[in-house]
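Take a look at the structure set out below.
Every read-out reported here was derived from the displayed coordinates using simple, explicitly stated rules and does not represent laboratory data. Since the structure is predicted, the reported quantities are computational estimates derived from the model, not experimental observations. Don't worry about glycine lacking a Cβ; one is built from the backbone with ideal geometry, like all the others, and counts go over all protein chains shown.
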Amino acid sequence: MRLLPIVLALIVSGAVVAQAAEPEGTWIVEDIRGGGVIDSLRTTLEIAPDGKVSGHGGCNGFGGSAEIDGNAIRFGPMFSTKMACAPAIMDQEQTFHDALADVTAWQIEETGHLVLLDGNGETLIRLIGE
């Protein structure tokens, strides 16, 4: 019972932050391959518990699937709508899809960010929960 006041104090102070234990959910892309993203462009990734994947690349919607086994994750081929947008938007969208194809692992940072990694453990995509 002596720990209860301490735990409550930590929760009230914000020292305890709820974190996702899995990559499922809706995520907003903050960085791709260390190159940042266009501030006004909203690129999203939604991962369902059954492995279905959907989102918006900034110009086009997309969907597909992912295989998740522990901290390993592989994205399968994605389908996408075929709208055309400004070249910078299309470039970012292509960079995002190329990076997804190279992802082999995931982790949740203490900040709550989802980080998608390549086979060398390098960050490919960094996302924040919606």
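Counting other beta carbons within 10 Å of each Cβ, put R42, R126 in order, fewest first. Write down the numbers at each step before the final one.
Working: R42 14, R126 20.
Lowest to highest Cβ neighbour count: R42, R126.
Please report the orientation-averaged projected area of region 20-129, defined via the convex hull of its C-alpha atoms, in nm².
6.3 nm²
As a calculated quantity, the FRET efficiency between E110 and I28 at R0 = 22 Å, using C-beta atoms, amounts to about 0.75.
Taking other C-beta atoms within 10 Å as the exposure proxy, C59, C85 rank C85, C59 from fewest upward. For G25, neighbours were defined as the other residues whose beta-carbon sits under 14 Å from its Cβ, and their charges (Lys and Arg +1, Asp and Glu -1) total -4. Under a Cβ-only charge scheme (Lys and Arg +1, Asp and Glu -1), can you give me the dipole magnitude of region 15-94 about the Cα centre, in debye to the nearest 20? That gives region 15-94 a dipole magnitude of about 240 debye. Go through S65, T81, W106 and say which Cα lies farthest out towards the positive end of the charge dipole of region 35-127; charges sit on Cβ, +1 for Lys and Arg, -1 for Asp and Glu. My answer, from the dipole projection, is T81. Spin-label model, D69 to I38: label points 7 Å out along the Cα-to-beta-carbon direction sit 3.8 nm apart. Ordered by the number of other Cβ atoms lying within 10 Å of each residue's own Cβ, fewest first, W106, W27 fall into the sequence W106, W27.
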